[in-house]
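Written below as structure tokens is the structure these notes are about.
Nothing in this text is a laboratory measurement; each read-out follows from the coordinates by a stated rule. Values in this document were obtained by computation on a predicted structure and should not be read as measured data. Ideal geometry is used to build each Cβ from the backbone, glycine not excepted, and the neighbour counts take in all protein chains shown.
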Amino acid sequence: AGKSKVDADVLDDLEDVLISSDVGVATTIKVIDRIEERVAKDKYLGTTELNGILRDEIAGLLSEVNNGDATDFTIPQQDGPYVVMVVGVNGVGKTTTIGKLAHQFKQKGLKVVLGAGDTFRAAAVDQLQIWADRVGVEIVKQDMGSDPASVAFDTLQSAVAQNADVVLLDTAGRLHNKVNLMNELTKVKRVMQKIIPNAPHDVMLVLDGSTGQNAFEQAKQFTAATEVSSLAVTKLDGTAKGGVVIGISDQFQIPVRYIGVGEGVDDLQVFNKSEFVDSFFN
Amino acid sequence: MFDNLTDKLDKAMHVLKGHGSITEVNVADTLKEIRRALVDADVNYKIAKEFTSRAKEKALGQGVLTTLKPGQLLTKIVKDELTELMGGDVTGLNLTGNPTVILMSGLQGSGKTTFSGKLANFLKTKKSKRPLLVACDIYRPAAIDQLHVVGESVGVEVYSNREEKDPVKISEAAISHAKQNGFNVVIIDTAGRLAVDEQMMTEIANVHAAVKPQETLFVVDSMTGQDAVNTAKAFNERLNFDGVILTKLDGDTRGGAALSIKSVVDKPIKFIGTGEKMEAIDVFYPSRMADRILGM
Ligand SMILES: Nc1nc2c(ncn2[C@@H]2O[C@H](COP(=O)(O)OP(=O)(O)OP(=O)(O)O)[C@@H](O)[C@H]2O)c(=O)[nH]1
Ligand SMILES: Nc1nc2c(ncn2[C@@H]2O[C@H](COP(=O)(O)OP(=O)(O)OP(=O)(O)O)[C@@H](O)[C@H]2O)c(=O)[nH]1
Ligand SMILES: [K+]
Ligand SMILES: [Mg+2]
Ligand SMILES: [Mg+2]
């Protein structure tokens, strides 16, 4: 504070902000190096300019994949249902995010069908059923313990028959280092293609915003098993900053689509790059 | 990570030695590597800083400047220091209450409900107790059902009241129920909450004040990053909890949050969760956790 010129102290503070937001050492060094370069070029750079540059640099890591930032909840226009398969490790907020997303799509006048693909965790189907009732959308489910691939198959069949616009398929939470469970996910994905050849159209990986560097490994392994195509970051209503997605988005070229900011039905937002970056500095 | 680090340190110091002697500056540079490794393992960056400067003092004190294998010595010092920090007295659960009341607390999705079931099963099968599980999460969709499924799977009764919306009343009624029916441990599952949610923090503080638990446990996801210290501090300020439960250690996270939390609140880590099944519970070993954080 009070500094007008960028020196080592300022850069140190910057490093602290990034590291304490879970941005990670590698990405932080990348950002700091780029800023040092610019400082070297422009010796009279002040801290005010620095803030702008910093935001640009971070946003730059996100921007390549987050071009044309969506500002609303939309799905691409197409024939037949748009299928979103939701995956992630245990307890990150998959089921809740599906409930909130169903609400948004329904408000847009879209016909939504939920698939209760978590047949494993205690009362997982009941939880999704409550969300379906709350939001007022269809749900396809089977008994606990049944084959999730079979639930996915049923869900798509039903969605096609009902002429639905969107399918949101829930899956059981699983740690990415469990080979059998990851193979199961690949199978669930494959089965859907028997009904809709290019389904799922989106594989959304849900990351808990308070997760640290392990999120990298999550992104890597889920991508290997299911070709993740978008990210949702949850629980950003707390004090965690969710900075790890910057590195992930940069490294894996996966766009961040939504953020979760609470447990209520309205607590889902379309990801906004500059607001997200701003949240690091307040 | 740390296996490589040992090599790296040895190499770095060796090269330096060729050019004369290892200086304090060289040691500081090397410790920077260690600090980075700790931050990569999700140790809070401030704690990593403090930790490495302490390790530096030790290293200089133990003559790392003149040893033949400085990398090895440094690694050993770091590992020992880490183990000591995470250790302390191994305290089990205080089960002397009549009944003993155990209150679960933590963020959303950290593993409270699952751990409540595991703990009930552990106390029943390993400690010959008669536990009662209590459903005090009145918010999350199907939270009560979830606890009932969990309770049934381990053969432990679950007390719930779907009409009652006050967790204080539910837990008090559950304790009376336990006294009347010969249950000697009462495990209260609560809703997940954020530390910044004033209303929800007051709610659990009220439950805590009303039931005066022998054990208040803070359940934390071992994949948590830098925010772990804020959350642990805030929960501790409100509940002065007795111990920490680290869940989801069956993953491949390094779990640096364990060190951060221990440093910040100085409360023992009592159990770890190592899977979704009811048997996946283990006591906490500081030295294993140190190895894990260091990637050894
Ligand atoms: N504060 C907050 N809580 C959230 C958010 N999203 C989800 N949660 C809570 O996190 C907890 C876990 O959410 P779930 O939707 O059950 O998570 P999941 O990934 O489906 O969990 P599993 O199916 O068990 O793997 C619940 O208590 C949710 O209410 C969010 O954006 N903010
Ligand atoms: N792999 C693994 N999964 C776990 C472990 N402990 C809990 N889980 C899973 O994590 C998810 C969340 O667990 P819950 O017990 O519902 O968490 P909670 O803290 O009660 O969640 P809320 O009530 O929503 O705050 C579930 O999918 C559990 O099966 C563990 O040690 N290992
Ligand atoms: K936040
Ligand atoms: Mg779920
Ligand atoms: Mg729970």
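Given A:Thr96, A:Thr119, A:Thr28, A:Thr48, which one is more than 16 Å from ligand 3 (Cβ to nearest atom), among the hydroxyl-bearing types (Ser, Thr, Tyr) and in a loop (DSSP other than H, G, I, E, B)?
One residue alone meets the criteria, A:Thr119.
Please find, among A:Lys235, A:Lys273, the residue that is within 16 Å of ligand 5 (Cβ to nearest atom) and in contact with an Asp or Glu (Cβ under 7 Å, 6 or more places away or on another chain).
A:Lys235
From the list B:Gly251, B:Gly225, B:Gly192, B:Gly256, pick out the single residue that is on the phi < 0 side of the Ramachandran plot and within 16 Å of ligand 5 (Cβ to nearest atom).
Just one listed residue meets the conditions, B:Gly192.
Can you name the strands (runs of 3 or more DSSP E) wholly within segment A:170-282 that have at least 2 residues being among the acidic types (Asp, Glu)?
Filter on segment A:170-282 gives A:202-208.
Write out, first by first residue and then by second, each pair whose Cβ atoms fall under 7 Å of each other, whose residues are 6+ apart or on separate chains, and whose first residue, in segment A:167-193, is within 12 Å of chain B (Cβ to nearest Cβ) and without any contact (Cβ under 8 Å) to a residue 24 or more places away in the chain while the second is away from ligand 5 (no atom under 16 Å from the Cβ) and part of a loop (DSSP other than H, G, I, E, B).
A:Leu181/A:Arg174
Within segment B:234-253, work out how many residues are in contact with a helix residue (DSSP H, G or I) (Cβ under 7 Å, 6 or more places away or on another chain) and in a helix (DSSP H, G or I).
Counting residues in segment B:234-253 that are in contact with a helix residue (DSSP H, G or I) (Cβ under 7 Å, 6 or more places away or on another chain) and in a helix (DSSP H, G or I) gives 3.
Within segment B:248-256, identify whether any single residue is closer than 26 Å to B:Pro167 by Cα and either touching a residue at least 40 places away in the same chain (Cβ under 8 Å) or more than 10 Å from chain A (Cβ to nearest Cβ) (or both), and answer yes or no.
No.
When segment A:206-260 is examined, which residues are found to be aliphatic (A, V, I, L, M), under 22 Å from B:Asp250 (Cβ atoms) and either within 16 Å of ligand 3 (Cβ to nearest atom) or facing chain B (nearest Cβ under 10 Å) (or both)?
Correct list: A:Leu207, A:Ala215, A:Val244.
Go through (1) more than 14 Å from chain A (Cβ to nearest Cβ); (2) under 22 Å from the mean Cα position of the chain (by Cα); (3) among the aliphatic types (A, V, I, L, M) and name the single condition B:Val196 misses.
It fails just one condition, (1).
Name every residue in segment A:122-140 that is part of a loop (DSSP other than H, G, I, E, B) and away from every other protein chain (no Cβ under 13 Å), in order of residue number.
A:Gly136, A:Val137
Only residues that are in contact (Cβ under 8 Å) with a residue 24 or more places away in the chain and buried (at least 21 other Cβ atoms within 10 Å of the Cβ): list them for segment B:132-148, please.
B:Leu132, B:Leu133, B:Val134, B:Ala135, B:Cys136, B:Asp137, B:Ala143, B:Gln146, B:Leu147
Give segment A:237-254 a look and list any residue that's touching a residue at least 40 places away in the same chain (Cβ under 8 Å) and surrounded by fewer than 21 Cβ atoms within 10 Å (Cβ to Cβ), or say none.
Scanning segment A:237-254 gives A:Asp250, A:Gln253.
Given the condition on the phi < 0 side of the Ramachandran plot and more than 16 Å from ligand 5 (Cβ to nearest atom), answer yes or no: does some residue in segment B:134-149 qualify?
The answer is no; no qualifying residue exists.
Read through the list (1) surrounded by fewer than 24 Cβ atoms within 10 Å (Cβ to Cβ); (2) within 10 Å of chain A (Cβ to nearest Cβ); (3) within 16 Å of ligand 2 (Cβ to nearest atom); (4) part of a helix (DSSP H, G or I), then give the number of the only condition that B:Thr231 fails.
(1)
Could you tell me how many of the residues in segment A:13-25 are touching a residue at least 24 places away in the same chain (Cβ under 8 Å) and either part of a helix (DSSP H, G or I) or of a type in the set (Lys, Arg) (or both)?
Qualifying residue count, segment A:13-25: 4.
Filter segment B:105-132 down to residues that are more than 30 Å from B:Asp227 (Cα to Cα) and within 14 Å of chain A (Cβ to nearest Cβ), then give me how many there are.
So the count comes out to 1.
Any residue in segment B:108-115 that is surrounded by 15 or more Cβ atoms within 10 Å (Cβ to Cβ), away from ligand 4 (no atom under 16 Å from the Cβ) and within 16 Å of B:Lys277 (Cα to Cα)?
The answer is yes; a qualifying residue exists.
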